[in-house]
Amino acid sequence: MTRNAAIESWVKEMAAVTQPDRIHWCDGSQAEYDALVQLMLKDGTLIELDQQKWPNCYLHRSHSSDVARVEHLTFICSDSKDDAGPTNNWMSPADAKAKVWPLFSGCMKGRTMYVIPYLMGPASSRLSKVGVEITDSPYVVANMRTMTRMGNVALEHLGSATEFCKGLHSIGELNPEKRFICHFPKSREIWSIGSGYGGNALLGKKCFALRIASNMGRDQEWMAEHMLILGVQSPQGVTKYVAAAFPSACGKTNLAMLVPPPEFKGWKVWTVGDDIAWLRYGDDGQLWAINPEAGFFGVAPGTGDDTNPNAIAALRKNSIFTNVAVTEDRQPWWEGFGKPPAKATDWKGNPWTPDSKEKAAHPNARFTAPAKQCPSASPEMENPKGVPISAFIFGGRRATTMPLVFQAFDWNHGVFVGAGMGSETTAAATGAVGIVRRDPFAMLPFCGYNMGDYFGHWLKMGAKSAKAPKVFHVNWFRKDKNGKFLWPGFGQNMRVLQWILERCEGKGAATTTPIGHVPAAGAISTQGLDISPDQMKDLLAVDKTEWANEAKGIAEFFGQFGERLPPAMKQQLDELNTRLA
Ligand code: OXD
Ligand code: MN
């Protein structure tokens, strides 16, 4: 393997602190993966699924206290609290050193330390970045192999350079009291201890690709965003790309893997990414995007052949399932994946039947699947140039107020739309229905610095080029007076994508309203859909009273940023209020 002196000396330093029994440098090979799987089958970390029907697929049950990202234990350790901003938890680097660092002392005694060099993004892309994760969890290694490009490809990309993201991870005692996820934006470092789960432990994903990378993007004039990337190919064979940000549970993976309805003969949607986008201007003045990841870490419940056949096809082999149920004949199962089995073992290992009160799979159960297995995987996924982005799409789950789709007047207005993004909480999550939680750019838990400054970075990126993408907002979740969804969603969202792309080409009829350009009557094709013109009118309505309320909510949210809120954002809010008056 290629050697890098900076990595070697850092590994030596970390080994002296964590004191592992042995050190294994991961090369990302199939043989290494297979050996790790055998090790984990032996010690019970993995459970083998039916290898005939589910080749190379395994089940993992995490500790029942370790099943999700822990936002309250996630910290930005910038020098000043103001640099983390009001939407992040902050810990001073000195406090982290005093409180968190000692937990790493000797934490790998009796264990193997795995050193994972990994590349985020395609090989030889100027947008790609190298990270190294040190971990004592073979489960993390196996997942990182699917989610990133691991081994020599990363070391070759780095060469003798010293700029790589240092991620130190240990499952520690898996004790929630001793669980911390700390990010050091200045030194591009991550310390994660006490959790083996997903976003807490696979450090390439949220920790590096969003929290640390958002800092790098700000410093180096690029963007790290919580966005899917998809391509829409017309029957003429022209493909246009969009990137879209939605908060969780708003159908990001489904949109990324959309299957166009039968009326769209000859149209095709290509998946470039389902969660994260890194974007940078090319010499042509266009914004180009890569998906830094190589796999999907998707939520299993609700994913089925009816809702997302491409995701199901992607996860049928070479996948790790975490916290799903398993049937008597060793098939994975979760709510939403076909008919419930008569008998199963639930995610905790207990017997389950359809009459059980508990869910069979944990609501945040996941599949880790190689992206290239997705039938809609874009051939451009590995293109080092990335794909040129025509439009940004923001969205949320809103029963009222937000029309099916609208276009922002210009870039700055689009930044305002992204900054004011919100999504309604569901009864299941909070007990209070219809409360709008603001989640700017779907980055609330992932922006690694002061969100006010982040809005400023967005403004600056738009000013850099006349060819910046057009900005849109969508809402698949508007309801009628009886609480029924007005829009069928899923594949039918293709109709909205079509209007968006038409607008990008200066076509697509629109009506100008106080909130932006809304499709004119008939501009969104409803051919083959059971939707009346009145329903379309309701879907596209802009109610001034509701919007006055919306503006109030945004003003309240903006208030917390004080001086760090860019004046252009306040100006946008004032202009919205003027247009509404
Ligand atoms: C994810 C998330 O896991 O956003 O992608 O929580
Ligand atoms: Mn995500």
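Remarks
- Cross-link reach is defined here as a Cα-Cα straight distance under 22 Å, omitting same-chain residues fewer than 8 places apart; for residue 507 the lysines meeting it are 240, 265, 268, 467, 470, 537.
- Surface composition of region 295-373: carbon and sulfur make up 50 percent of the accessible area, probe 1.4 Å.
- Each Lys and Arg contributes +1 and each Asp and Glu -1, all at the Cβ; summed about the Cα centre of the chain, the dipole is approximately 160 debye.
- Only DSSP H runs of four or more residues enter the estimate; each adds -39500 (n - 2.57), and after division by the residues of the chain the mean residue ellipticity at 222 nm equals -7500 deg cm²/dmol.
- Aspartates and glutamates with Cα under 17 Å of residue 206, excluding same-chain neighbours fewer than 8 positions away: 66, 71, 133, 189, 225, 274, 275, 293, 439
- Given a 1.4 Å probe and the protein chains as shown, residue 517 ends up with an accessible area of around 40 Å².
- In this structure, residue 219 and residue 485 have a Cβ-Cβ separation that, at R0 = 51 Å, corresponds to a calculated FRET efficiency of about 0.75.
- Fraction of accessible area attributable to carbon and sulfur, region 1-111 (%, probe 1.4 Å): 50 percent
- Surface accessible to a 1.4 Å probe, per residue, for the residues of the chain, Å²: 39 Å²
- When all protein chains stay in place and ligands, DNA and RNA are ignored, the 1.4 Å accessible-area order of 24, 60, 72, largest first, is 72, 24, 60.
- Residue-level accessible surface for residue 380, protein heavy atoms, 1.4 Å, Å²: 60 Å²
- Neighbour-limited loop hits for trypsin sites (Lys or Arg not before Pro), region 350-454 (at most 10 other Cβ within 10 Å; DSSP other than H, G, I, E, B): 357
- Which listed pairs, of 464/570; 166/359; 166/464; 186/348; 252/317; 385/464, have C-alpha distances above 29 Å, in listed order: 166/359; 166/464; 186/348
- Whichever aspartates and glutamates have a C-alpha closer than 19 Å to that of residue 479, once near sequence neighbours (fewer than 8 apart) are set aside: 424, 530, 534, 538, 543, 546, 550
- Inter-label distance, nm, simple model (7 Å from Cα along the C-beta direction), residue 560/residue 507: 4.4 nm
- Selection of trypsin sites (Lys or Arg not before Pro), region 94-168, meeting DSSP coil and at most 16 other Cβ within 10 Å: 109, 126
- For region 484-534, chymotrypsin sites (Phe, Trp or Tyr not before Pro) are listed when DSSP marks them as loop and at most 11 other Cβ atoms sit within 10 Å of their Cβ; the list is empty.
- Converting phi to 3J(HN,Hα) with the Karplus coefficients 6.51, -1.76 and 1.60 and the offset θ = phi - 60°, region 297-308 yields 10, x, 6, 6, x, x, 9, x, 4, 7, 8, 8 Hz in sequence order, with x at every glycine or proline.
The values are calculated or read from the model by the stated rules, or taken from the named source; none is laboratory data. Bear in mind the structure is a predicted one, so any value in this text is a computation, not a measurement. Note that we place each Cβ from the backbone using ideal geometry, even for glycine, and neighbour counts take in every protein chain shown. Accessible surface is based on the protein model in full, side chains and every heavy atom, while ligands, DNA and RNA are left aside. Shrake-Rupley method; radii C 1.70, N 1.55, O 1.52, S 1.80 Å.
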